[in-house]
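Just so it is clear, none of the values below were taken in a lab; they were calculated from the coordinates. Predicted model only: the values in this text are computed from it and were never measured. With ideal geometry, Cβ positions are generated from the backbone for all residues, glycine too; neighbour counts draw on all protein chains shown.
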Amino acid sequence: MFKALVVEKDEESGKTSAAVTEISENDLPEGEVLVAVDYSTVNYKDGLCIGPGGGLVRNYPHVPGIDFAGTVEASDDDRYKPGDKVVLTGWRVGENRWGGYAQKARVPADFLVPLPEGLDTRQAMAVGTAGFTAMLAVMALEDQGIKEGPILVTGAAGGVGSVATAILANLGHEVAAVTGRPEQEEYLRGLGATEIVARDELTEVTKKPLEAERWGGCVDAVAGAMLGRVLKQMRYGGSVAAIGLAGGAAIEGALITPFILRGVNLLGIDSVMQPHDNRLRAWERIAKDLPMDKLEAMVQPASLSDLPGLGRDILKGQVKGRVVVDVNA
Ligand code: NDP
């Protein structure tokens, strides 16, 4: 038997509740590889899966946790043997199949990536889904050719925003960090941001077809009114890597003008279904381009019993940086 955070649903009331409890290997889903989990993390989707909405969860009882890092305990696949260190992000693990909020997880071998050289399992989860996505966004901007001018990072004090800020600054780019939390200015400057932009400055919806050119590129975690404004402020030929919707599922106030008059690119980033080669490439880049002291500054440690509260906090946009869950604490 081992510990897991299990979410149950009361069929009559439709209410869900999450509690740390004991489960056994027999309870785990099918898969070729059994992993002894060291760490998982708290992402926005985890907040949804733990909470009463549960919109992403298909079946109850459910073990959330959309990412984990740990050590292979048993494997029916030639690519992995006991003792190998592995990382998992995406593939809807923790959403429609059981995930990382447990001391053991069983998954298909195709879902795993070997732990990149230079990272331990805790560092890999300090990066986690949010940091992996931030790296994919940076790579997508690079593929388009990064333009002159500051790169804007929205939702900057959150998970994706923090890692994107640190990577871009370390690569030598000027980073303008948008935050609704002015008290996080020192934290963001510590990650390498050279300019802090107040959230309010970019959330007013306007009918203007274009605004003064400001940003050479953008990693956007927020969407909503902010993305509508940012598109109109992009410099000629600049790209926006859209990764999230913490501020709304629509692009409010957006017009076609930035695309046809300034050649702006809107790039959609999905970390869930990335092909294996891209995953390896992104993890290698993370190990190379993300300074570990900056990563450490983002980390807030947690245990399985802290998760229900942290799930609520992340949905309210109140979590700073990355929450790393030690499932054995
Ligand atoms: P976090 O909650 O850690 O960060 C989101 C940040 O957005 C907050 O910290 C806050 O930053 C800002 N924010 C929150 N609410 C609002 C609002 N109403 N208006 C403007 N800004 C707001 O989440 P993550 O960084 O982990 O994820 C961000 C988004 O990206 C989520 O929507 C998530 O689902 C998505 N995502 C998508 C992935 C993909 O594959 N495309 C992978 C991972 C995440 P501040 O206080 O600094 O303003």
*Relative contact order [Cα under 8 Å, 6+ residues apart], the chain, whole percent*: 20 percent
*asked:* Pairs of alpha-carbon atoms within less than 8 angstrom and 6+ residues apart define the contacts here; what relative contact order does the range 129-268 have, in percent?
replied: 24 percent
*Please go through the residue pairs K45/K232; K45/K320; K232/K288; K81/K288; K85/K320; K9/K320 and name each one whose alpha carbons sit more than 23 Å apart in this structure.*
K45/K232; K232/K288; K81/K288; K85/K320; K9/K320
*Take the Cβ-Cβ distance between M292 and E12 as r, set R0 to 41 Å, and report the resulting FRET efficiency rounded to the nearest 0.05.*
0.25
_Within the range 238-277, list the residues whose amide N lies under 16 Å from a label point set 7 Å along Cα→Cβ of E204._
253
*Computed E for Y236/R181 - FRET, C-beta separation, R0 35 angstrom, nearest 0.05*: 0.65
_What number results when the radius of gyration of the chain, computed over Cα atoms, is divided by 2.2 N^0.38 Å?_
0.99
*Check each of the trypsin sites (Lys or Arg not before Pro) in the range 72-166 and keep only those in coil by DSSP with at most 16 other C-beta atoms within 10 angstrom; list them in order.*
R79, R92
*Semi-axis lengths, Å, the range 129-268, gyration tensor of Cα atoms, sqrt of 5 times eigenvalues*: 21, 16, 13
*asked:* Can you list residues from other chains, or at least 5 along the same chain, whose modelled amide H is less than 5 Å from the amide H of F68?
replied: L88
*asked:* Can you tell me, using C-alpha contacts under 8 Å and at least 6 residues apart, the relative contact order of the range 36-191 as a whole percent?
replied: 20 percent
*asked:* Can you give the Rg/Rh ratio of the range 67-142, where Rg is from the C-alpha atoms and Rh is the Kirkwood radius?
replied: 0.97
*Give the residues of the range 80-102 whose amide nitrogen is closer than 20 Å to a point set 7 Å from the Cα of A109 in the direction of its Cβ.*
80-91, 93
*asked:* Shape verdict for the range 37-79, please, from the Cα gyration tensor: rounded (a/c under 1.5), prolate (a/b greater than b/c) or oblate.
replied: prolate
